[in-house]
1. Among the residues of the stretch 37-73, count how many are of a type in the set (Val, Ile, Thr) and farther than 26 Å from PHE13 by Cβ.
2. Report yes if some residue within the stretch 86-99 is at pLDDT 95 or above and of a type in the set (Asp, Glu); otherwise report no.
3. Would you be able to say whether some residue in the stretch 1-12 is more than 20 Å from LEU81 (Cα to Cα) and touching a residue at least 12 places away in the same chain (Cβ under 8 Å)?
4. For the stretch 63-106, enumerate the residues that are of a type in the set (Val, Ile, Thr) and in contact (Cβ under 8 Å) with a residue 24 or more places away in the chain.
5. Identify all residues within the stretch 51-106 that are farther than 18 Å from ILE38 by Cβ and among the aromatic types (Phe, Trp, Tyr); write none if there are none.
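The values are calculated or read from the model by the stated rules, or taken from the named source; none is laboratory data. Quick caveat: nothing in here was measured; it's all calculated off a predicted structure. Ideal geometry is used to build each Cβ from the backbone, glycine not excepted, and the neighbour counts take in all protein chains shown.
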Amino acid sequence: MNKAVLHQVAEYFKVLSEVSRLEVLCSLKHGAKNVTQIMAETGLGQANVSKHLKILTQAGMVKRQPHGVQVYYEITDPTILPMCELVSRGLANRLEFQLQEFHSIL
């Protein structure tokens, strides 16, 4: 990959490097929600949720859909959740391996 592509990849992962944004994405896992619903699921405040939704929208990971006076947000990038699950499984496997090594030392 050339440097410009690597820069874009780094920017993509930078968006995903914030725990609160991952919580917002997990909240949207099963479909579109408004800010109030996301707040209820994540425990984050309104300003925090709005800030993270703006970043996720600008990154093209989430889209906003106005419905009357409400705005609903929905994941648009189908790779995000499978990628997060893949990383989670990798981390779990690594921790399990480290735990086995630890037990073999005892």
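1. Here is the first cut: in the stretch 37-73, the residues of a type in the set (Val, Ile, Thr) are 38, 42, 49, 55, 57, 62, 69, 71.
Of the ones still in play, those that are also farther than 26 Å from PHE13 by Cβ are 69, 71.
Final tally of qualifying residues: 2.
2. Taking the stretch 86-99 and keeping what is at pLDDT 95 or above, we get none.
Looking for residues that are at pLDDT 95 or above and of a type in the set (Asp, Glu), one finds none in the stretch 86-99, hence no.
3. Keep residues of the stretch 1-12 that are more than 20 Å from LEU81 (Cα to Cα), which gives 1-7.
Keeping just the survivors that are touching a residue at least 12 places away in the same chain (Cβ under 8 Å) gives none.
No, the conditions are met nowhere in the stretch 1-12.
4. So in the stretch 63-106, the residues of a type in the set (Val, Ile, Thr) come out as 69, 71, 75-76, 79-80, 87, 105.
The answer is VAL71, ILE75, ILE80.
5. PHE97, PHE102
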